[in-house]
1. Check off (1) farther than 19 Å from Ser18 by Cβ; (2) not in a helix (DSSP H, G or I) for Met100 and give me the number that stays unchecked.
2. Given Val105, Val110, Val149, which one is aliphatic (A, V, I, L, M) and in a loop (DSSP other than H, G, I, E, B)?
3. Going by the structure shown, is Val160 buried (at least 17 other Cβ atoms within 10 Å of the Cβ), of a type in the set (Val, Ile, Thr) and either modelled with pLDDT of 95 or more or on the phi > 0 side of the Ramachandran plot (or both)?
4. Do we find that Glu173 is within 20 Å of Asp117 (Cα to Cα), among the charged types (D, E, K, R), touching a residue at least 40 places away in the same chain (Cβ under 8 Å) and in contact with a Lys or Arg (Cβ under 7 Å, 6 or more places away or on another chain) in this structure?
5. Tally the residues that are among the hydroxyl-bearing types (Ser, Thr, Tyr) and in contact (Cβ under 8 Å) with a residue 24 or more places away in the chain, restricting the search to region 105-140.
6. Which of the residues belonging to region 89-107 are of a type in the set (D, E, K, R) and surrounded by 13 or more Cβ atoms within 10 Å (Cβ to Cβ)?
7. Is there any pair linking a residue in region 6-19 that is closer than 17 Å to Glu173 by Cα to one that is part of a helix (DSSP H, G or I) and small (Gly, Ala, Ser), with Cβ under 7 Å and at least six apart or on different chains, and which?
8. Give the number of residues within region 59-97 that are at negative phi and part of a loop (DSSP other than H, G, I, E, B).
Amino acid sequence: MRMILVGPPGAGKGTQASRLVETYRIPHISSGDMLRAAVKEGTKLGIEADGFMKAGKLVPDDVVIGMILERVAKQDCAAGFMLDGFPRTRPQAVALDQAMHAAKVDLDAVVLIEVPDALLEERAVGRRTDPETGTIYHLKYNPPPAAIVSRLVHRKDDTVEAVTTRVQKYHSETAPIIPYYLEKGILKRVDGVGDPNTVTERITAVLNS
Ligand code: AP5
Ligand code: MG
């Protein structure tokens with residue numbers, strides 16, 4: 001299974017990916033997680049990406065395309081992968097297509113998790129991540145156990161200001177990839193509102209249909 005999860009910031013891509021990879025036994029490749037790891041390590045890539053990310057802007061295409069194409073070429077992706085947060089511009093979608101064409105493999109599905117803008121700010125601002133396990137919590141919707149609260153991380157781009165920019169960028173830069181995949185006949189729309197278990201069931205159903 002070679003698939004992509006698309007959706008606005010806070011749609012639940014990371015939450016759903018961590019559940020789905022258990023079922024499909026494929027690597028979860030999150031461009032955001034890879035970039036945050038590079039920022040933390042202080043690599044050249046991380047230093048370049050940091051300012052864009054904090055402001056809620058997209059990191060330049062050439063930087064992200066190189067990073068992801070190198071990752072999906074690794075041996076553990078030979079039987080499939082789940083991309084989360086890439087592609088999110090049309091040039092990124094075209095670059096992925098070209099790389100897959102060259103490798104003689106096809107994309108199976110692009111799952112679009114739809115959540116209205118009005119819900120996104122609260123989801124992002126209330127998010128907390130466990131740096132030890134990578135588990136994504138929400139102070140209201142998925143509260144963390146009291147024992148680990150002190151070690152949880154609040155993302156630098158989960159401010160009201162940055163989320164507003166991220167939502168705008170989603171509509172201007174990322175939404176145009178939706179018709180691109182619709183035309184290829186592999187786009188699957190899923191309602192991302194409701195209990196996360198229900199959303200997982202909806203995704204599994206469209207992938208099996
Ligand atoms: P990235 O890390 O990809 O962020 P994003 O797309 O903004 O998405 P999020 O991770 O914020 O949300 P999510 O959909 O994963 O939701 P989650 O499951 O955590 O990118 C960050 C930045 O990196 C970008 O802004 C950009 O600068 C750069 N970048 C990354 N990729 C790039 C690319 N390809 N090109 C250029 N730049 C790139 O859930 C959110 C919260 O909601 C959590 O608290 C969760 O518990 C809660 N929640 C989840 N599901 C539900 C539910 N069903 N009901 C209630 N709450 C829920
Ligand atoms: Mg995420």
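1. In the conditions (1) farther than 19 Å from Ser18 by Cβ; (2) not in a helix (DSSP H, G or I), Met100 misses (2) alone.
2. Just one listed residue meets the conditions, Val105.
3. Against the criterion (buried (at least 17 other Cβ atoms within 10 Å of the Cβ), of a type in the set (Val, Ile, Thr) and either modelled with pLDDT of 95 or more or on the phi > 0 side of the Ramachandran plot (or both)), Val160 does not qualify.
4. So Glu173 fits the description; yes.
5. 2
6. Hits for region 89-107 are Arg90, Asp97.
7. Correct list of pairs: Pro9/Ala124; Gly10/Ala124.
8. Selection size over region 59-97: 10.
The values are calculated or read from the model by the stated rules, or taken from the named source; none is laboratory data. Every value quoted in this text rests on a predicted model; they were computed, and no experiment measured them. In this analysis, Cβ positions are derived from the backbone assuming ideal geometry, glycine residues included, and neighbour counts consider all displayed protein chains.
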